[in-house]
Amino acid sequence: MQEKYGSGNKNIQQTLGSKVSRRDFLKMMAAVGAIAALPGNGLLRQSPVAGVMPSAGYEGKDAYQVFHNACPRNCYDTCSMLSYVKDGVLKFVEGDPASTFTKGGLCVKGYSYPRSVYSPDRIKYPMKQEGRGSGNWKRISWDEALDTIAEKILELKEQDGSLLGLGMTKYSGNFGITHYGVEGMMSSLGYTTRFVGTPCWPAGIDAQNFDMGNMWCNDPEDMVHSKYIIIWGANPCTNSIHSMKYIYEAKRRGAKVVVIDPIFTQTAAKADEYWQIKPGGDGALALGMARHLLDKKLEDKAWLDENAEGYSEFASYLRREITVDWAAEQSGIPAERIKQITEEFATVKPATIWLGYGLQRHVNGGANVRAIDAVVAMTGNVGKVGGGARYGHLFTWGFNYNAMVQSAPEGSIGYTGKTGPMGEFDTGQGGDAATYTDRAFNINKIAQEILDATEPPVRMLWVANKNVLSQDFDRNKIIEAFKKLDLIIAVDLFFNPTVEQADIVLPTTTLFEDWTVNVSYWHYWMSINEQAIAPMYETKSDIEIASALSAKINSLKAGSCTFPENIDSKEMMIREFNDGIHSLFGIKSWEDLKEGARKARLDSSASWSDNKFGTPSGKYEFKSAIAEEYGHTALVKYKKPREAYASYRLLTPHSKYGLHSQFQNLDWMLDYNPEPLAYIHPKLARKKGLVDGDTVRVYNKTGEVQLKVSVNDIVPADTILMYEAWYGQKNPFNVNILVDDESSDMGKYKTGAPGVAIHDQFAEIEKA
């Protein structure tokens, strides 16, 4: 297959063919100021070597065209970037110094972007697989690919009387706003089946909505004003490196930093104090802290009396059912330490808690978040600069979603109901007037939903911005479900496990080959993403694919699709802006962003600074009628964790060398992290007769994997730690073979479906 790929651009060909070592990568990044983000920083100050990038050497910034870009990955930091181009070739990238958040730096993944663009493994043309999973790929034209797809869509519509047999699963591979055109493409065809919800953070979203009426966090930059910081289940040293400078500055000013996490992370190593909590015990610990606040009369009575609803009932519950000793037993944290930290947290202001997404990926995840929120509220730290229960926000996401909002063709028939699918970025379509809507299935149970679907069954699946076989759950069941499908379309950059199970793959552009705009769910900066280089090979962006499909299907049967047939990606990006966005960011037009990223103009860096909450009462609600309506306890209460179904807890967090299934497959990144490891405590190693480097079999009711073991005391003695990653075609490891699709407790209220209990998993381990 590879011998068919080629390019007339000599500079690009040199890059595609270059073998880049870890040392070469370090040398290159030293030249662009990237060393601070890497191990051994300060040791390397050399110029790049020939062949590392598409040029022989660094020529000074004045020699390049400079473009503004933004990393669109599913990450806290959504980095504002500058890309440097010469002779139509992307040479290197760096952080945009106009952003006080990025401040000129990127993470190790961000600096690897040029290799992603010019990887020899990139998909270059539309291709068709002759025999699903066979690897027998044949290059086809865009015309042939679109013919096949359009004919199948029309066939489904004719046979079923609707397009509910066409499913679309899309998630976070690209958060650029115009990439919501994939949803628009589906809407323009008629009513289809959508896999909705999110695997990432839905239980916590619902929890914060029940408590405060919205998910809205303080500006992370105001952590410099915090006098006490608890980082609970987050690891910013790996997953939000730019946030760390504000934490370091707070420490310099005298703040204490406490990390609560089952894993001794890089962030834990930087803390003043570390607590190794039992996974799933977060809610119990928080309720124990709340009880101690009550016992010691350390709650902020004035704030609670003025701004809270249901507190007296919550206090009664604490006195009746919660003790610090019980919390210690459930969480694994000694009672005296719970009391000490609780008193410290309560007696300084402002104090803040950063809630990581891992702690809500449990069957009791939403209840955990509500309990932690309660501690912040009881101490009067909600609405305070440097305070707050920090989880995330969608405050700056007020775009037009022009590409997404498309009308169904006249006469379209769909699912009967009042509202269509939801998601964390839902713009509010549907409503009481709707006669037909799309059919909504749980994105976290894609395999089971496909297997169970009838009237009509799902027979065609469109996969965009997502690697289902690596990132969704119960992989073996997904393979079984895919066998029910007549046609699978994947749009992607690389031949990943999902593409391997597709019938047609369509090559897509990188962020440097397209126009869009990006904001964060963590900080408050907005960045334009300019097209820095021409699209390579035969790649198309999501909205270009949508436009081409619309033209093709209408040529076969006029009036079958409403998506614009002639589009300009830059013009579509411009249409996303409105007066509200202009006002929020203090710009007159999108062109102001060509001068650098812009920050939202906030009345205060603190969310809820006016103490006017979005709840029915307008107050912080310890007791929520909406929570009860959605099947949860109205009052903040303890919820039990999942019962173990195997001997050892299995934790599968994110690696710093990849983001879900992105980056890690690049040769540059594989030099850092070439293979997966199972991390176990020395006690467990002795029990199983294992030493460093042994190949082990890790297995449970869902599946099994084989990999090498690393004996390390960063994990509890009863835990197996395996970082998620896709290592490329040469390593079939997939941690989600071991992860079932058990639901978390919350998520349906705001995202349309419950989350998934990713960290409520268990396994056995033995020498292979």
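The values are calculated or read from the model by the stated rules, or taken from the named source; none is laboratory data. Given the structure is predicted, the values throughout are model-derived calculations rather than measurements. Backbone-built Cβ (ideal geometry, glycine too); neighbour counts: all protein chains shown.
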Where residues in the stretch 450-462 are in contact with a helix residue (DSSP H, G or I) (Cβ under 6 Å, 6 or more places away or on another chain) and crowded, with 22+ Cβ neighbours inside 10 Å, which of them is farthest from GLY658 (Cα to Cα)? VAL458
State which residue is nearest to LYS251 (Cα to Cα) when the search covers only the stretch 377-413 and only residues that are among the aliphatic types (A, V, I, L, M) and out of contact with any Asp or Glu (no Cβ under 6 Å at 6 or more places or on another chain). VAL382
Within the stretch 529-582, count every residue that is crowded, with 18+ Cβ neighbours inside 10 Å and among the small types (Gly, Ala, Ser). 8
Give the number of residues within the stretch 310-362 that are aliphatic (A, V, I, L, M) and in contact with a strand residue (DSSP E or B) (Cβ under 7 Å, 6 or more places away or on another chain). 7
Subset of the stretch 557-586 [aliphatic (A, V, I, L, M) and either touching a Gly at 6+ places or on another chain (Cβ under 8 Å) or outside the structural domain of THR148 (by TED's automatic domain parsing) (or both)]: MET572, ILE581, LEU584
Can you tell me which of VAL369, VAL382 is surrounded by 24 or more Cβ atoms within 10 Å (Cβ to Cβ), hydrophobic (A, V, I, L, M, F, W, C) and outside any helix (DSSP H, G or I)? VAL382
Select from the stretch 348-376 the residues that are within 20 Å of the chain's Cα centre (by Cα) and acidic (Asp, Glu) and list them in ascending order. none
Counting just the residues of the stretch 269-321 that are small (Gly, Ala, Ser) and surrounded by fewer than 24 Cβ atoms within 10 Å (Cβ to Cβ), which one comes out farthest from PHE622 (Cα to Cα)? ALA269
Confirm whether LYS152 is in a helix (DSSP H, G or I), among the basic types (Lys, Arg) and assigned by TED's automatic domain parsing to the domain that holds ASP492. yes
Candidates ILE714, ILE758, ILE737 - the one that is in contact (Cβ under 8 Å) with a residue 40 or more places away in the chain and over 20 Å from the mean Cα position of the chain (by Cα): ILE714
Where in the stretch 158-264 are there strands (runs of 3 or more DSSP E), lying fully within it, with 1 or more residues that are within 29 Å of GLY383 (Cβ to Cβ)? 228-232, 256-260
Matching residues, the stretch 625-660, being among the small types (Gly, Ala, Ser), touching a strand residue (DSSP E or B) at 6+ places or on another chain (Cβ under 7 Å) and under 19 Å from ALA757 (Cβ atoms): ALA644, ALA646, SER647
Candidate set: the stretch 652-688, residues that are outside any strand (DSSP E or B) and aromatic (Phe, Trp, Tyr); chosen: the one farthest from ASN239 (Cα to Cα): TRP668
Which members of the stretch 355-381 meet the condition of being polar (S, T, N, Q) and in contact with a helix residue (DSSP H, G or I) (Cβ under 7 Å, 6 or more places away or on another chain)? GLN360, ASN364, ASN368, THR379
Just to confirm my filter: which helices (runs of 4 or more DSSP H) fall fully inside the stretch 533-635 and include at least 2 residues that are within 23 Å of ASP96 (Cα to Cα)? 569-574, 579-585
